[in-house]
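Only one structure is covered here, and it is reproduced in the block below.
The values are calculated or read from the model by the stated rules, or taken from the named source; none is laboratory data. Everything numeric in this text was worked out from a predicted model, so none of it was measured. In this analysis, Cβ positions are derived from the backbone assuming ideal geometry, glycine residues included, and neighbour counts consider all displayed protein chains.
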Amino acid sequence: MFHGLMSLGSRMPESTAIRKFQRRFAGRVILPGDSEYDSARRIHNGAILRQPALIAMCTAADDVCRAVEFARENQLPVAVRSGGHSQAGHSVCDGGIVIDLSGMKQVSIDPACRLARAQTGLHAGDLDHAAQASGLATPVGQCPSVGLGGLTTGGGFGWLTGMHGLTCDNVVSAEVVTADGRKLCADQHENADLFWALRGGGGNFGVAVEFEYRLHPVSQVIGGMLFYPMSQSRAGLVFMREYLSRAPDELTASFGIRPADGNPVFAIALCFCGDPKNAQRILGPLQSFTTPSSGSIGPLPYLQMQKLMGEWPSGSPLHTRGGFLRELTDAAIDAIVESASRNTSPARLISLDHYHGAMCRVAQEATAFSVRENGFGFLVQSEWDKPEEASVQIAWIDATIAALSPFSSQTAYVANLGDEGPDRIKRCYGPNYPRLAALKRKYDPDNFFRLNQNILPPN
């Protein structure tokens, strides 16, 4: 068995093998030197620039099967790309094959049964648009361009999460290509163990090529974003701690320090998806906090709410780490404010998502996603323009994580991790890790799918 990454000098497949693969492959195979190669190997994190031996632009599940078989026959490392939003750059590899799902964008909506079938090359915004034509939605993150494959297998926190749970909580079934090139269907009755692992276990168990999602009636919400001067950060964090302690399921909030128009600010973003008659009672207390310098809260079409946070930076070098706070104590607030004040970059971000409601009523062992308690998932991120700024920004992020560690749980939303090693991954999955490792041994004993937050098969 091989558990480590293949070296950057991995053996390039013979040209005859590549030509044979191209004849059997329905999609495009992009090679170094092709005009599309440079754009096809770029991902959202511009700090990651790798050189795959080939990029397989899949059109259907059969293409994925052939790409997996080709990689195995030629002993190539494999990266799987849906939307290219992997925080740690796992969507691309050096010297191997990128299985690119971006051409797989079929979606069908069954309004009567409130179900969606969606291929994993779709972005979250694509599914939003298709479902909203029938006044329906499912929680699919807070960024329209994130790919459904990584979002769903990672967990999927979104504006409807308080009311309807995570993206993975709304999956009814999945179609997966496993490490031996088979297509498997997984649901509560068929391959139920794989179905369990796919809901939070990331890309460790195969390439998810299609999901069926449960949909919910949503068309208009009450939401928006409010911006305050950085000087209000401490007061804002204290206010949100108290305000959200009484939040109903219908209210989902994210808040913290973020860039806005080139300057750092304290921001509150929230979505109320309940009965509009109750909105004033629920949202009224916001008026007791300091008057915002800009922004507004009001009725919004759900599609506009989904665009509220803007797009993930595309092409900018960045670094990200995350964690989880069971409580937002005064000491944790001090650590956040002091860390933010030590960085003069306008692109710094310390964001907190409120975990509560439906996602926390799912038992920890019910899915691979393990963070099922009330609290705050946090993300620390920074971008830079000049290469010489990278070390300073990465050091700031690491120092912020260290400052918050006395108040942080061992667990975290795994999709928010950087490359932090196997012990960190094991701690994040907590009591679910042994079961995940056993299923890794069952479905991928050679650790073929290892460019991810990797779960090692037991020896």
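Among the residues of this structure, Met225 does not count as one that is touching a strand residue (DSSP E or B) at 6+ places or on another chain (Cβ under 8 Å), in contact (Cβ under 8 Å) with a residue 60 or more places away in the chain and in a helix (DSSP H, G or I). Inspection of region 152-172 identifies no residue that is surrounded by fewer than 24 Cβ atoms within 10 Å (Cβ to Cβ), in a loop (DSSP other than H, G, I, E, B) and not assigned by TED's automatic domain parsing to the domain that holds Arg361. Against the list (1) exposed (fewer than 12 other Cβ atoms within 10 Å of the Cβ); (2) free of Cβ contacts under 8 Å to residues at least 40 places away in the same chain; (3) within 27 Å of His123 (Cβ to Cβ), the condition Ser296 fails is (2). Scanning region 161-181 for residues that are touching a Cys at 6+ places or on another chain (Cβ under 6 Å) and closer than 14 Å to Tyr213 by Cα yields a single hit, Glu175. Being among the small types (Gly, Ala, Ser) and surrounded by fewer than 17 Cβ atoms within 10 Å (Cβ to Cβ) is true of Ser39.
Residues that are of a type in the set (A, V, I, L, M, F, W, C) and at pLDDT 95 or above within region 397-427 comprise Ile397, Ala399, Ile401, Ala402, Ala403, Leu404, Phe407, Ile425, listed in sequence order. Against the conditions (1) without any contact (Cβ under 8 Å) to a residue 24 or more places away in the chain; (2) not small (Gly, Ala, Ser); (3) not in a strand (DSSP E or B), Cys185 satisfies every one except (3).
Only residues that are surrounded by fewer than 23 Cβ atoms within 10 Å (Cβ to Cβ) and either on the phi > 0 side of the Ramachandran plot or under 23 Å from the mean Cα position of the chain (by Cα) (or both) were counted across region 45-58, and they come to 5. Residues in region 18-35 include none that are in contact with a Ser or Thr (Cβ under 7 Å, 6 or more places away or on another chain), farther than 27 Å from Arg214 by Cα and either outside any loop (DSSP other than H, G, I, E, B) or β-branched (Val, Ile, Thr) (or both). Considered as a group, the residues in region 259-306 that are hydrophobic (A, V, I, L, M, F, W, C) and assigned to a helix (DSSP H, G or I) include one that is farthest from Thr344 (Cα to Cα), and that residue is Ala279.
When restricted to residues that are of a type in the set (S, T, N, Q), over 20 Å from Met230 (Cα atoms) and more than 26 Å from the chain's Cα centre (by Cα), region 252-310 contains 2.
Is there a residue being farther than 25 Å from Tyr243 by Cα and part of a helix (DSSP H, G or I) anywhere in region 364-377? Taking every residue of region 364-377 in turn, none turns out to be farther than 25 Å from Tyr243 by Cα and part of a helix (DSSP H, G or I). For Asp180, state whether it is out of contact with any strand residue (DSSP E or B) (no Cβ under 9 Å at 6 or more places or on another chain) and either among the charged types (D, E, K, R) or assigned to a strand (DSSP E or B) (or both). Yes; evaluated as a whole, the condition is true for this residue.
Only one of the listed residues (Arg117, Arg72, Arg81) is surrounded by 22 or more Cβ atoms within 10 Å (Cβ to Cβ) and charged (D, E, K, R). That residue is Arg81. Residue selection: Glu365 satisfies the criterion of being in contact (Cβ under 8 Å) with a residue 40 or more places away in the chain, surrounded by fewer than 20 Cβ atoms within 10 Å (Cβ to Cβ) and in contact with a helix residue (DSSP H, G or I) (Cβ under 9 Å, 6 or more places away or on another chain).
Can you say whether Leu300 is within 18 Å of Phe239 (Cβ to Cβ), in contact with a strand residue (DSSP E or B) (Cβ under 8 Å, 6 or more places away or on another chain) and not small (Gly, Ala, Ser), as far as the supplied structure shows? The answer is no for Leu300.
Matching residues to (1) in contact with a strand residue (DSSP E or B) (Cβ under 9 Å, 6 or more places away or on another chain); (2) in the same structural domain as Cys93 (by TED's automatic domain parsing); (3) within 30 Å of Ile99 (Cα to Cα); (4) in a helix (DSSP H, G or I):
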site	(1), (2), (3), (4)
Ser382	yes, no, yes, no
Asp385	no, no, yes, no
Ile397	yes, no, no, yes
Ser405	yes, no, no, yes
Gln410	yes, no, no, no
Arg427	no, no, yes, yes
Ala437	no, no, yes, yes
Arg450	yes, no, yes, no
Asn459	no, no, yes, no
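In region 75-99, of all residues being touching a helix residue (DSSP H, G or I) at 6+ places or on another chain (Cβ under 7 Å) and outside any loop (DSSP other than H, G, I, E, B), the one that is farthest from Phe378 (Cα to Cα) corresponds to Ile97. A residue that is surrounded by fewer than 22 Cβ atoms within 10 Å (Cβ to Cβ) and of a type in the set (D, E, K, R) cannot be found anywhere in region 349-357. Listed by first and then second residue, the pairs linking a residue in region 122-146 that is of a type outside the set (Ser, Thr, Tyr) and part of a loop (DSSP other than H, G, I, E, B) to a residue that is at pLDDT below 95 and buried (at least 21 other Cβ atoms within 10 Å of the Cβ), with Cβ atoms under 7 Å apart and 6 or more places separating them unless they lie on different chains, are Val146/Gly83; Val146/His85.
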